[in-house]
Each structure stands twice: as C-alpha cells, then as structure tokens.
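To start, the structure under review is shown below, and the notes come after it.
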Amino acid sequence: MLSFLIARQTGVDEPVRLRRAESTRRVLSLELNHDRDVECIHGNGINTIDIEVIEGRYMLSGGSDGVIVIYDLENNSKKPHYTCKAVCTVGRSSRYVHKFSVETVQWYPHDTGMFVSSSFDKTMKVWDTETLKPAEVFQFEGNVYCHHMSPIARKHGLIAVGTKDPKVQLCDLKSGSRIHILQGHRGEVLSVKWSPRYEHILATASTDSRVRVWDVRRASGSLFTLDQHNGDKSKASSESVNTAHDGRVNGLCFTDDGLYLLTAGTDDRMRLWNSATGENTLVNYGKVVNESRKGVKFTVSRGCSPEFVFVPCGSSVAMYGLHTGELVTMLRGHYNNVDCCEFHPDYQELYSGGKDCNILAWVPVLRHPDTEDEGADSRQLFN
Amino acid sequence: MNRKRTLMPDAFRTKKRRFGADNLIGNPEHGDVQEGPPDVKATLQYLMTLFPRKLFNDSLPQIVLKHQLYSLHSDKTLVDKQVNELRDQGELLMFQLGFDSDTFALVFSVDYRAKVLAGEAGRATLGTVEKFLDKVLPCCSDLSFSKDKMLKQFLFTDAEITQLVKSGVLTVRDAGSWWLSIPNSGRFTKYFIQGRKAVLGMVKKSKYNEILKTDLEERRTTSHVKLHMKYHVHDIIGAELVECIQTTSGTLLRFVDT
C-alpha cells in the first residue's frame with residue numbers, strides 16, 4: 001500500500017488508482033463486526049433493504065409483516081460500538097401500512113423526501129418521508145413482486161413495476177398515469193431494473209425463463225432477449241432455446257457502469273451478460289443455490305477493481321469475483337435464509353437482511369497497529 | 001511506464017488467498033496448488049486414465065465429464081475457455097448425454113473416430129458413418145443437428161440419416177433434430193448414474209453426512225459402483241453435489257442438501 005501512496009504523491013499514478021486499491025482491499029476483508037449493530041425492529045423476516053444514494057446515511061427496510069423502517073447509519077457517538085437506530089417506522093399501528101408483506105422499497109433517487117414501496121397486497125405506495133403518509137397509491141390486479149425507479153433519470157419519472165401479470169407496467173410519478181405497458185413476457189415478472197447508464201433502458205426477468213431488455217421510448221416490443229447459448233441452437237434441448245436460464249429468472253443486477261448485467265435463476269446458475277449486445281460472457285460461477293419463489297435481491301460492489309458480486313445463498317452471503325467467477329468467500333452470520341443485501345459504496349460495507357429478522361452489517365477489518373507503535377503510544381499516554 | 005498496465009489484483013495476490021477451514025479455493029489434489037493457467041489437456045488425459053475400458057469390452061472411447069475438470073481446477077471460467085478452444089481446434093468433442101441438460105461428456109476426437117469405425121467394421125452403415133465423420137465433425141462443433149442442416153448443408157439423404165441413427169452416431173432429440181452421440185454409450189450412462197447414486201448414498205449414510213475424501217476412495221465398493229471410485233469422486237465434487245472442506249486431516253466431503 002505504501003507504494004500506491006508514494007506513486008500518488010509523486011504523480012506517477014492517478015489518484016483514483018489508490019482509491020480503488022484501498023476499496024478492493026477493504027472489500028476483501030469484510031467481516032461481521034461486534035461493534036456495529038442495526039436495531040432490530042422487524043418482527044418478521046426482512047425482504048428488502050435500500051440505502052439512499054445522496055448521502056448514504058439513511059437505510060430503508062421492508063419486512064414480511066408490512067412494516068417499513070428507516071435507519072440512520074451514521075455514527076455520531078464518539079464510541080466505536082454503535083447501533084444504527086431506527087429513525088421512524090411505518091408500523092402495524094399506522095393507518096396506511098401495507099396489509100401484507102412488503103417486497104421492494106426504494107428511496108426516490110434524487111432526495112430522501114420520498115420513497116416508494118410495493119407489496120403483496122397488490123398496491124404500490126409513494127410515501128412522504130416527513131409525514132409518513134402515502135402521497136399516491138397505485139392499485140394492481142396481482143401481487144407486486146418488484147418495482148424500480150431509474151437512478152439517473154432526468155427526462156422521465158417512470159417506475160417500472162413487475163407483478164403477477166406478464167405485462168410490465170410503467171407508472172409515471174409526474175402525472176400519476178399507468179397506461180404505458182410493455183408486453184412480451186409470458187409469465188410473472190419477478191424482477192425489473194433500469195440501466196444505470198441509459199435512462200431509457202430497462203431489463204425485466206420473468207418466470208418464463210426469459211430476460212428482456214427494453215427501450216421504453218420504442219413503440220414495438222423488447223430490444224432483445226438474453227440467450228444463454230448465444231444463438232447456438234444446438235446446445236440446448238428445444239424448449240430452452242432463447243432462454244436466459246433453465247428455470248425461473250428471479251434476480252437482476254446491473255453493474256455500476258451499466259456495461260454488464262447479472263441474472264440469477266432457479267437453475268442454480270448466475271450469468272453475466274454484456275448489456276449492450278446481450279451476449280452471455282460465459283463466466284462460470286458454479287452452483288449458486290437459488291430456491292426463492294420470489295425475487296432474489298443481490299448486489300455488486302462499486303469502486304473496486306476487480307468488482308465483486310454479493311449473492312444471498314441459503315443462510316449466508318456468497319462473494320464472487322465478477323469477471324473471474326471464483327468464489328472469494330462465504331459471509332456466514334445469519335440464523336436463517338438471507339433475502340437481500342445492499343452495498344454501501346462510501347464505506348465499503350455490506351448490509352444483509354433475512355428471515356431471522358436481523359440486518360447484519362459486514363464491515364472491513366481495520367489493520368491492527370504494530371506492537372511497537374502500541375508500546376510507544378501507551379508510553380506517551382502515561383507521560 | 002509499465003505500472004499503468006499492471007492489473008490491480010496483482011497487489012492483492014497474497015491477500016486474496018484466504019486459507020481457512022472453509023476455503024473452497026485451492027485443491028491440493030494432483031499437485032495442483034494454483035499459480036499459472038490450468039493445463040486442461042493434461043488434466044483430461046489424467047481423468048481419461050480413470051475410465052474403465054475393460055468394462056465395456058473396449059468398444060467405448062474414454063469419456064470424461066466436463067464438470068470433473070472443475071474438481072481439479074478452481075477457476076471454472078478458464079477451464080471452460082480452454083475446453084472451447086480445444087473443441088474449436090478439433091481435438092475434443094462434446095456430447096450431451098441426455099440425463100441432465102447441464103452435463104456434458106468430453107471425448108478426444110482421435111479416440112472417438114477409432115472406436116466408432118472399429119464398431120462399424122463389417123456393417124453396411126460403415127460408408128455413411130465414415131462420410132459423416134469426415135465431412136461433418138471437422139468443420140462443425142455443434143452438439144445437435146437439425147434436419148435442415150443435414151439435408152441442405154451437408155447433403156445427406158433421409159436414408160443416410162436413418163443409417164446414422166441406427167449406427168448410434170446420432171440420437172433423436174425431437175422431431176427433426178438429433179443429438180451427436182457415442183454409440184453404445186447407454187450402458188455407460190446407466191452405470192454412471194447408478195454409481196453416482198451409490199457413492200452419494202455412501203456419503204449420506206456416514207455420520208454427520210460427511211466423510212474424508214481419502215476414506216471414501218478406500219471404501220469397498222458395492223456391485224452398484226462399476227466405474228472407478230476416483231472417477232465418481234471427481235464427478236460429485238465437480239457437480240457440487242458435495243461440499244469440499246479443507247481440514248487438517250485432508251479434504252472432507254460433506255453432502256449438500258438441496
């Protein structure tokens with residue numbers, strides 16, 4: 001690490017290389033820390049977590065009991081031991097709480113004054129954070145599995161919603177209309193994600209084993225469907241031609257630069273795709289255990305080189321190298337199935353929530369000072 | 001300046017190798033403790049020696065399953081890449097055995113040709129099979145062929161296609177398409193599935209569902225296990241049907257409950 005520092009100081013390297021090197025070193029040393037805790041509010045499993053992008057200070061979580069909690073992640077106490085307290089909750093006593101489990105929550109990408117939650121009670125609610133009352137409620141005919149707002153959108157305020165209905169619905173925040181639908185899937189839509197690179201590109205995953213990439217400005221159907229065999233029709237049996245997975249596709253995640261798309265399916269495989277051409281990069285992650293009936297929420301690290309994927313696998317979180325596919329480590333600590341995980345890019349921390357009602361924080365291990373330094377410090381204290 | 005071209009991970013090469021009791025990277029088997037790109041061809045040749053030729057009266061070429069390579073090399077993506085390179089060069093042939101859409105069998109082209117022609121010697125279908133081996137295999141590394149392709153691209157007639165199916169080189173996939181297959185491989189598939197079930201049963205019946213790899217290899221095999229024990233062990237590790245845990249007494253195989 002000293003070589004990186006000296007190189008940056010003398011101008012031999014760009015500043016971003018030191019930052020990336022240190023971020024990668026920190027991510028490789030993620031561990032459960034007994035100094036960091038998240039307050040346990042949920043009485044039932046936690047389905048979804050979202051950390052706001054502006055400050056990285058507030059975290060939303062949605063549970064199977066319909067409760068939504070907002071936590072403050074910043075450590076204002078001067079002590080190393082810190083519990084992230086819940087700032088406010090939409091509990092069972094609130095008039096507007098969801099009746100059934102909350103499947104997805106997401107902060108409004110531009111400020112924390114608003115957040116959107118969708119639930120199995122067939123509604124999607126747009127909440128005002130100050131008053132904790134829904135400003136808008138969208139009703140649907142089937143269970144809402146997921147929704148997503150584009151993190152970079154300036155020209156539109158569309159929320160893509162995946163429900164039991166094969167049609168993907170786009171709800172407009174500015175006008176409240178929901179007439180825009182995307183037709184093409186033949187099964188329930190389990191996961192939707194906007195591209196973080198182009199504000200009009202949307203990827204959707206469905207139980208019909210297909211992943212479609214759409215440009216919402218286009219009147220006709222999807223741009224392309226992801227094919228796991230890259231057009232090699234001979235490799236598969238005739239039913240699995242042109243499918244992304246051999247089972248239901250239930251997880252989608254774009255990398256931070258939007259150039260690659262990761263998909264996870266119930267055939268216990270995870271695949272990495274080139275998001276511009278739809279080509280399967282054929283990175284082999286091995287068996288990524290996936291038995292979820294709903295969507296799987298996994299995440300990719302940001303600001304490291306090489307990048308890592310964090311995927312909930314049973315009761316632990318598996319960490320894979322993004323482009324090599326090798327399993328780096330398994331983060332064990334939960335007592336029951338892990339449902340969601342979220343990466344905090346500023347501090348390289350990982351938060352994961354699961355059926356054991358806990359949100360665990362995985363914090364990079366600090367380098368311990370050498371014994372000589374410790375001795376010198378303690379002598380100075382006495383003096 | 002060369003510095004700008006070096007990859008970041010080089011700085012972390014030592015830190016990335018976390019040797020703990022649950023490390024899944026690094027397999028000391030076969031003197032393979034990583035460093036350098038995996039030599040897939042050498043590993044294939046080693047695995048081929050585990051295949052029992054006498055059992056099938058030498059009528060089958062030596063078959064290795066693709067996922068057995070994963071048990072000897074940790075980087076699956078590189079292994080896949082090298083296998084595809086060998087296939088493109090025409091040295092290796094890949095087949096779908098039919099019991100799992102994800103399982104592929106690998107055979108060296110030389111072996112395959114020799115055994116198929118030996119099996120066909122004296123039969124009426126010899127000419128068609130020879131034509132198929134000479135025309136189709138060198139240029140097309142597909143796993144299956146559709147009727148369209150066979151008729152138009154390779155100019156085979158319907159009668160010739162029937163002969164190829166009869167000889168075992170093609171197997172029916174669905175109406176109008178065929179898998180490339182190994183003649184007389186049905187017995188191999190049967191013994192393989194039987195043996196796999198028996199070996200997994202051995203692991204399951206052990207206390208705590210786990211057994212040391214060296215212990216398993218030394219166990220007396222029942223009559224259900226006809227292939228070599230090591231062959232099956234590589235198979236169950238590579239297919240991730242058991243979890244590989246490094247312990248101080250060697251590699252421990254723990255049954256994965258799915």
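The values are calculated or read from the model by the stated rules, or taken from the named source; none is laboratory data. The structure displayed is predicted, hence computed values, not measured ones. Note that we place each Cβ from the backbone using ideal geometry, even for glycine, and neighbour counts take in every protein chain shown.
Counting only strands (runs of 3 or more DSSP E) that sit wholly inside segment B:118-223, those with at least 2 residues that are touching a residue at least 40 places away in the same chain (Cβ under 8 Å) are B:177-180, B:210-212. For segment A:93-103, the count of residues that are within 19 Å of A:Tyr351 (Cβ to Cβ) and not polar (S, T, N, Q) is nonzero. Criterion first (farther than 20 Å from A:Pro364 by Cα and touching a residue at least 40 places away in the same chain (Cβ under 8 Å)) does A:Asn33 satisfy it? Criteria not met by A:Asn33. From the list A:Glu22, A:Glu39, A:Glu74, the one residue that fits, being in contact (Cβ under 8 Å) with a residue 12 or more places away in the chain, under 28 Å from A:Val328 (Cβ atoms) and surrounded by fewer than 20 Cβ atoms within 10 Å (Cβ to Cβ), is A:Glu22. What about A:Ser220, is it modelled with pLDDT under 95, within 14 Å of chain B (Cβ to nearest Cβ), more than 30 Å from A:Lys99 (Cα to Cα) and surrounded by fewer than 22 Cβ atoms within 10 Å (Cβ to Cβ)? Considered against the rule, which asks whether it is modelled with pLDDT under 95, within 14 Å of chain B (Cβ to nearest Cβ), more than 30 Å from A:Lys99 (Cα to Cα) and surrounded by fewer than 22 Cβ atoms within 10 Å (Cβ to Cβ), A:Ser220 comes out as no. Scoring A:Thr83 on the criteria (1) over 30 Å from A:Asn336 (Cβ atoms); (2) surrounded by fewer than 21 Cβ atoms within 10 Å (Cβ to Cβ) leaves a single failure, condition (1). The strands (runs of 3 or more DSSP E) found entirely in segment A:257-344 that carry 3 or more residues being within 11 Å of another protein chain (Cβ to nearest Cβ) and either farther than 22 Å from A:Ile152 by Cβ or among the hydroxyl-bearing types (Ser, Thr, Tyr) (or both) are A:316-321, A:327-332.
Here A:Ile359 meets each of (1) surrounded by fewer than 23 Cβ atoms within 10 Å (Cβ to Cβ); (2) under 24 Å from A:Arg302 (Cβ atoms) with one exception, condition (1).
Would a scan of segment A:133-153 turn up a residue that is under 21 Å from the mean Cα position of the chain (by Cα), more than 14 Å from A:Gln106 (Cβ to Cβ), assigned to a strand (DSSP E or B) and polar (S, T, N, Q)? Within segment A:133-153, not a single residue is under 21 Å from the mean Cα position of the chain (by Cα), more than 14 Å from A:Gln106 (Cβ to Cβ), assigned to a strand (DSSP E or B) and polar (S, T, N, Q). Within segment B:68-83, none of the residues are among the basic types (Lys, Arg), in a loop (DSSP other than H, G, I, E, B), in contact with a helix residue (DSSP H, G or I) (Cβ under 8 Å, 6 or more places away or on another chain) and over 22 Å from B:Arg173 (Cα atoms).
Of all residues in segment A:1-44, those satisfying the criterion of being over 30 Å from A:Asp72 (Cα atoms) and at the interface with chain B (Cβ under 10 Å from one of its Cβ atoms) are A:Met1, A:Ser3, A:Phe4, A:Ala7, A:Val12, A:Asp13, A:Glu14, A:Arg17. When B:Ala114 is tested against (1) touching a Lys or Arg at 6+ places or on another chain (Cβ under 6 Å); (2) surrounded by fewer than 20 Cβ atoms within 10 Å (Cβ to Cβ), just one condition goes unmet, and that condition is (1). Looking only at segment B:137-177, residues that are more than 20 Å from the chain's Cα centre (by Cα), within 12 Å of another protein chain (Cβ to nearest Cβ) and closer than 19 Å to B:Ser109 by Cα come to 1 in all. Flag: A:Thr112 matches the condition of being touching a Ser or Thr at 6+ places or on another chain (Cβ under 7 Å) and assigned to a loop (DSSP other than H, G, I, E, B).
Do we find that A:Thr24 is among the hydroxyl-bearing types (Ser, Thr, Tyr), under 30 Å from A:Phe100 (Cα atoms) and under 21 Å from the mean Cα position of the chain (by Cα) in this structure? When the stated conditions are applied, A:Thr24 does not pass them.
The set of residues from segment A:102-128 being touching a strand residue (DSSP E or B) at 6+ places or on another chain (Cβ under 8 Å) and more than 18 Å from A:Glu342 (Cβ to Cβ) comprises A:Gly113, A:Met114, A:Ser119, A:Phe120, A:Lys122, A:Thr123, A:Met124, A:Lys125, A:Val126, A:Trp127, A:Asp128. Determine whether segment A:80-90 contains at least one residue that is in a loop (DSSP other than H, G, I, E, B), under 19 Å from A:Gly43 (Cα atoms) and out of contact with any Gly (no Cβ under 9 Å at 6 or more places or on another chain). Yes; the residues of segment A:80-90 include at least one that is in a loop (DSSP other than H, G, I, E, B), under 19 Å from A:Gly43 (Cα atoms) and out of contact with any Gly (no Cβ under 9 Å at 6 or more places or on another chain). For first residues located in segment A:344-371 and at negative phi, partners that are assigned to a loop (DSSP other than H, G, I, E, B) and of a type in the set (Ser, Thr, Tyr) and lie 6+ apart or on another chain with Cβ distances below 6 Å form the pairs A:Asp356/A:Tyr335; A:Pro364/A:Ser29; A:Val365/A:Ser29. Screening B:Pro183 on (1) out of contact with any helix residue (DSSP H, G or I) (no Cβ under 7 Å at 6 or more places or on another chain); (2) closer than 22 Å to B:Ser109 by Cα shows it passes everything except condition (1). Checked against (1) closer than 26 Å to B:Gly186 by Cβ; (2) in a helix (DSSP H, G or I); (3) within 12 Å of chain A (Cβ to nearest Cβ), B:Gln45 passes all but a single condition, namely (3). Within segment A:127-138, the set of residues being within 14 Å of A:Leu173 (Cα to Cα) and surrounded by fewer than 19 Cβ atoms within 10 Å (Cβ to Cβ) comprises A:Asp128, A:Ala135, A:Glu136, A:Val137. Of the residues in segment A:1-14, not one is in contact with a Ser or Thr (Cβ under 8 Å, 6 or more places away or on another chain), touching a residue at least 24 places away in the same chain (Cβ under 8 Å) and either in a loop (DSSP other than H, G, I, E, B) or within 24 Å of A:Gly354 (Cβ to Cβ) (or both).
Results for (1) surrounded by fewer than 20 Cβ atoms within 10 Å (Cβ to Cβ); (2) within 25 Å of A:Asp257 (Cα to Cα), shown as yes or no for each residue.
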{"position": "A:Val144", "(1), (2)": "no, no"}
{"position": "A:Pro151", "(1), (2)": "yes, yes"}
{"position": "A:Gln169", "(1), (2)": "no, no"}
{"position": "A:Gly187", "(1), (2)": "yes, no"}
{"position": "A:Pro196", "(1), (2)": "yes, yes"}
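Give me the residue from segment A:164-188 that is among the aliphatic types (A, V, I, L, M) and either modelled with pLDDT under 90 or in a strand (DSSP E or B) (or both) and, out of that set, nearest to A:Trp107 (Cα to Cα). So, considering only residues that are among the aliphatic types (A, V, I, L, M) and either modelled with pLDDT under 90 or in a strand (DSSP E or B) (or both), the one nearest to A:Trp107 (Cα to Cα) is A:Leu170. Screening the candidates B:Phe154, B:Phe95 for the property of being closer than 30 Å to B:Val79 by Cα and surrounded by 14 or more Cβ atoms within 10 Å (Cβ to Cβ) yields one hit, B:Phe95.
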